[in-house]
């Protein structure tokens, strides 16, 4: 497990960026289902800086993972063939659309139709980006990673973490009452449950498969048992995120809302980071690759 | 005053600084394919290619072509001259990983740069040293020498062996040459490698090195049986015996059986059968084999009657009592009156009875059969007997002295003879067994021929008072039981002056009064034959790869300075420099080898090789034993030695030690069967590839490739909760080490193995726990009964998780 | 195109690691990076005592020396986002274009032969390039010339095949099955070698092959 900490920058990237990306799904649902007045929209746009910042910080962390960040402009050369190029290309498209939306919206001259369109584009691209992030690890010479359980986890983290971030944005933007409105409340609950199921379920499925693998250097069972404490703690955090957000949408009083929704985000960051580290700890090569 | 560990280490320019030398593109053969964009290695196109060689005591002497850039070795190539094919004509003295890492060793942070003296008021072993001038160092050594000579006589002066610079025309000869000019010095016999075999077994069996043949003489399909012998590890060079055996296996279909407590590297990868044997029980295995051969009428009685004495009652020498033959011992009619059946041997050796019986038939039916022992079996407190017993095996089946057979000793070799620096005559004749130099310090004046094996005299006249250690790490690394040895050294009233002269600050330096910084053999002029334990003939001439750095000085010149102070400079140098001696000795060599290149040619070509065929004729003794007697008392092969029978009566032995005229099985001190609850495991040493004895053991790049660890069987590891790579403590009655565990099926249950040579690293003022994992922290000072030589590679130990 | 290939005589290797150390000397590598590794592999097996307490053991141990196999279908080039890790069209040698490499480590993760590493000080991936400059100059790679047992060769694939009629493309434990990358590594199997997809054992010198 200790060797997984060498991948901390990547783990941070794959924790923060999908969380930021996922938040736009809830925002898209909000603006599609609920009438939001201009003042409220303005406040929401201001606090949308949080998911935007998460995405940017995530990308910066990834940058630090590189031994030669200055060469990074060349990463698209492998588009189509290298899953990493695909992931980063997708990430860039998403980030550009996200930034266009946020800057435009913050400038205050966005029609409701454009807002809805751009938000949905951002949300969908964000989820595709999360999926591609998972796909980047599907390398046939690393059987323990070469499973769709990986991208499913990433979708789960984006949904759950994104919902938590979006709830916090709405709470901070003093729009928490919309959370209690039926379509959004239902949407948040569905997204949160889907996130917990995909995130924890995906990782559990992967751990179960890894447990049955071995190469000449290590046994998957040893890797899984080495990461088990981290997996359990991470999963508890993620369930905690879901519970906090359920409280937030189902009648936490105004005073507790900030605490509960911030707690949900912190738990999500910690929980997803732990499961990401566990993911890296479960790298089992078809041959002799050593982390 | 400074801590020696810091002050003496002047860190040399990191080799990585050579990293970015830009050069022009390659052009030859495959150049067109590769185009102009081929990246360059870190130091292609060096200023100069300097031929030199590796000089340590592995038995090889491998060629190094040093590519030098700005006075630093950028990288090395080895011998790439002549035919490079596997088993082809000629040979290539290709260096092993140690020689290949020479520049990291030469640039080691452990290098000695200045003369140092122990800080006044500190004790030996504290490790506090201060830099002094060469004049002060040389004056002190000369005045101490004179004082000791005047007080105790030259009999109190001793020069230790120089394992670190063994393959060389110079070695430590300058010290002998110097001291022999001023009254001489007491000397040693034997060594840590094969003392028991050569002084406890050979003289009483064959008299001399007789009947040994090299692996190059092996016949197609022949059976080779090896005891405690892994030429793949101990003879590793490209012209080494390991290579010769590999060629014989592949090209001639030779079949090899390895008898060893460890699956050694000959028994990996190759189609070699490994028979695991409990350490120290080789003589019991031979007895069991002999029993089966006698019962099944497989012994060659004609051979035994014609060439040997003492196999059966009919050939016992005059004066030998009845039932003292080897056959009487085997059949239970003599000695301990126990019949040495294969079942008896199985219980001791832990080799299944059926395998012993089968092996007896295999050996007896193979013609020819090549039986050899390495030096593993005899590095045990019963090594005298183990060595003699294995030598007996080929005699039983008449497979010695004939083509493609061996004597049962180490396989043969044959290198080039080159002259070394003449040392003159030593007026002092007494010699003591090498292993017992600490005892020669402690009670030397009481050491006699019958209590300590003193030779060329009845007793030593003085204990050692003036000790010269040149190019060795004997004091606290390579001799048995470091804790006891250093207790003797710590007392300055015993050995009054200790000089350590080396290229690196080994742990032994911490026990010296004066420490001198040497040049590595690659930094000075050198002349060497191809490896002494190889079977190919060559001569190498080495030029210095750089100017001397810091205040390092080579030994011939330093002894000349001492000679000046002792008033014998003219006699010592005869007006010659090191280079001039080398030139003269090379010309002397050329008188016997007129086809060799001239000196001037050798200076540029560096090496010269000569074709040779190994001797594989029927031995003259076999052709006519009467006309060509062996150098034993009876003139025959002695299974029963009248010399040993006499010694058994006359020698004073420590309790538990016994001398027998025949190669019986005795468990030895701390041998099989003596396990206790406190120390239930048997420790056994072996030779690793990461260093030659302690040479190169500080070269981290090699140690990372072959980590120092204790081999432990999964059964023993599981019982102790030990997993592969865990840190463990290994403790014996003598001391304790901390070391990494290698949990492996390559070592048999009940046995743990640690390679010798790792650098001792303990707080000798404190708990003495050795974090370096040196084998000799655990081993004993108990010598073999006959040879009085090294028996120390066995000890009883316990292992626990650290 | 000429595809270069390594040949490893597993029945000669003694596990000495001269190949690895000669490579480190020539390429000036420290203790943390190696372009060539020697794996010590132990098959499954057990020590069994008979009624008399005598031991027998089944299974075996063997060494395998591996660098980059300049594969036909390299895992490293496939995942490389920049194209810095590339297979030369003329020689088939896989090497790093250090001006393009970002040091992301994907090649290291993906290669099942543990060949490329990221050297963070140098800022890019590093690996065996078959000593291209020596081969271009008509010499052998330094590891090949170093092996005391002459267990290594490096030559155009056709020559390796022609000179070693009994050799096979490497498909033994502890290496991965050859199907993953189609390595240009031909071997004579060590005694007792297990097929890659029927491996029962473990590499025991894990700390020596980082």
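What follows is calculated from the coordinates using simple rules that are stated; it is not laboratory data. All of these numbers come straight from a predicted model, not from anything done at the bench. No Cβ is skipped: glycine too gets one built from the backbone with ideal geometry, and neighbour counts run over all protein chains shown.
Quick one: if you take sqrt(5λ) for each eigenvalue of the C-alpha gyration tensor of segment C:158-200, what semi-axes come out, biggest first, whole angstrom?
19, 13, 5
Using the 2.2 N^0.38 Å rule of thumb for compact globular proteins, work out how the protein assembly as shown stacks up: its C-alpha Rg over that value, please.
Ratio of Cα Rg to 2.2 N^0.38 Å: 1.07.
Can you compute the label reach from residue C:49? Point 7 Å from Cα along the Cβ direction, backbone N cut-off under 20 Å, restricted to segment B:715-731.
Only B:715-722 pass the distance filter.
How shielded is C:3-16 by partner chains, expressed as the average number of their Cβ atoms within 10 Å of its Cβ atoms?
Averaged over the peptide's residues, the number is 5.
For the ranges A:101-114, B:124-137, what's the packing order if you count other beta-carbon atoms within 10 Å of each residue, average per peptide, and put the highest first?
Descending mean neighbour count gives B:124-137, A:101-114.
Determine the equivalent ellipsoid of segment A:160-207 by diagonalising the alpha-carbon gyration tensor, then write out the semi-axes as square roots of 5 times the eigenvalues, largest first, rounded to whole Å.
26, 12, 4
What are the extents of the Cα atoms of segment A:108-234 along their three principal axes, listed from largest to smallest and rounded to whole Å?
Principal extents (Cα only, largest first): 61, 27, 20 Å.
Label points 7 Å out from Cα along the Cβ direction at residue B:727 and residue B:707: separation in nm?
In this crude spin-label approximation the distance works out to 1.3 nm.
Can you list the residues of segment B:401-433 with backbone N under 11 Å from a point 7 Å past the Cα of residue B:588, pointing along Cα to Cβ?
Taking a point 7 Å out along Cα→Cβ of residue B:588, the residues of segment B:401-433 whose backbone N falls under 11 Å are B:418-424.
What's the FRET efficiency of residue B:631 with residue B:47 using the Cβ-Cβ distance as r and R₀ = 56 Å, to the nearest 0.05?
So the FRET efficiency works out to roughly 0.55.
May I ask for the percentage of alpha-carbon pairs in chain C that lie more than 28 Å from each other?
Here the long-distance tail beyond 28 Å is 27 percent of all Cα pairs in chain C.
I'd like the mean, over residues of C:74-80, of how many other protein chain beta carbons sit within 10 Å of each residue's own Cβ.
Partner-chain Cβ atoms within 10 Å, mean over residues of C:74-80: 5.
What order do you get for A:181, C:95, B:528 when you list them from fewest to most C-beta neighbours inside 10 Å?
Listing A:181, C:95, B:528 from fewest to most nearby Cβ atoms yields A:181, C:95, B:528.
Could you work out, for segment A:175-240, what percent of all Cα-Cα pairs fall into each 5 Å distance bin, beginning at 0 Å and stopping at the bin that holds the largest distance?
The calculated distribution, bin by bin, is 4, 16, 18, 16, 13, 10, 8, 6, 5, 3, 2, 0.
Based on DSSP, what percent of beta bridges with both residues in the protein assembly as shown are antiparallel, to the nearest 5?
Just about 60 percent of them are antiparallel.
Packing-wise, with mean Cβ within 10 Å as the measure, how do B:411-418, B:154-161 rank, highest first?
Order by mean packing, descending: B:154-161, B:411-418.
When the C-alpha atoms of chain A are aligned to their principal axes, what extent does each axis show, in angstrom, from largest down?
The Cα atoms of chain A stretch 62, 41, 25 Å along their principal axes.
Mind checking the full-extension length gain between residue B:576 and residue B:358? Use 0.36 nm per residue of separation minus the Cα-Cα distance, one decimal, nm.
Going from the current span to full extension adds 72.2 nm.
Please find the FRET efficiency linking residue C:1 to residue A:229, where r is the Cβ-Cβ separation and R0 is fixed at 51 Å, and quote it to the nearest 0.05.
0.50
Explain nothing, just the number: relative contact order of chain B, from Cα pairs under 8 Å at least 6 residues apart, as a whole percent.
18
Suppose each label sits 7 Å from its Cα in the direction of the beta carbon; what would the residue A:104-residue B:313 distance come out to in nanometres?
Distance between the two pseudo-spin positions: 11.6 nm.
Looking only at chain B, where both bridge partners belong to it, what percent of the DSSP beta bridges are antiparallel (to the nearest 5)?
Bridges in chain B that DSSP calls antiparallel: roughly 50 percent.
Return the FRET efficiency for the residue pair residue A:250, residue C:197: r is the Cβ-Cβ distance, R0 is 51 Å, and the value is rounded to the nearest 0.05.
My answer for the efficiency is 0.45.
On average, how much area does the Cα convex hull of chain B cover when viewed from any direction, in nm²?
Projected over every direction and averaged, the Cα hull of chain B covers 34.3 nm².
Between the alpha-carbon centers of segment A:92-168 and segment B:44-109, tell me the distance in whole angstrom.
Using only Cα atoms, the two centres lie 59 Å from each other.
Provide B:298, B:197 in ascending order of the number of other Cβ atoms located within 10 Å of each residue's Cβ, fewest first.
Ranked by crowding around the Cβ, least crowded first: B:298, B:197.
What translational diffusion coefficient, to the nearest whole µm²/s, does segment C:121-181 have by Stokes-Einstein, given a Kirkwood radius computed over alpha-carbon pairs, a temperature of 25 °C and 0.890 mPa s viscosity?
Calculated translational D: 175 µm²/s.
Would you kindly calculate the translational diffusion coefficient of segment B:332-473, applying Stokes-Einstein with the Kirkwood radius from alpha carbon pairs, for 10 °C and a viscosity of 1.306 mPa s, and quote it in µm² s⁻¹ without decimals?
81
How many angstrom separate the Cα center of segment B:544-619 from the Cα center of segment B:411-462?
What the calculation gives is 26 Å, centre to centre.
Okay, which of segment C:165-180 sit inside 20 Å, backbone N to the point 7 Å along the Cα-Cβ direction of residue C:58?
C:173
Per residue of B:694-705, what is the mean number of Cβ atoms on other protein chains within 10 angstrom of that residue's Cβ?
Other-chain Cβ atoms within 10 Å of each residue's Cβ, averaged: 3.
What's log10 of I(q)/I(0) for segment B:139-195 at q = 0.15, 0.16, 0.20, 0.30 Å⁻¹, Debye sum over Cα points only, no solvent?
One equal scatterer on each Cα of segment B:139-195 leads to -0.51, -0.58, -0.83, -1.26.
What Rg and what Dmax come out for segment B:681-801 when only alpha-carbon atoms are used, in angstroms?
Final numbers for Rg and Dmax: 13.9, 41 Å.
When the helix-only estimate is applied to chain B (DSSP H runs of n ≥ 4, each -39,500 (n - 2.57), divided by the residue count), what is the mean residue ellipticity at 222 nm, nearest 500 deg cm²/dmol?
The helix-only estimate for chain B comes to -7000 deg cm²/dmol at 222 nm.
How would you rank B:767-775, B:624-632, highest first, on the average number of other Cβ atoms within 10 Å across their residues?
B:767-775, B:624-632
May I ask for the distance between the Cα centers of segment B:206-265 and segment C:149-198, given as a whole number of Å?
Going from one Cα centre to the other spans 27 Å.
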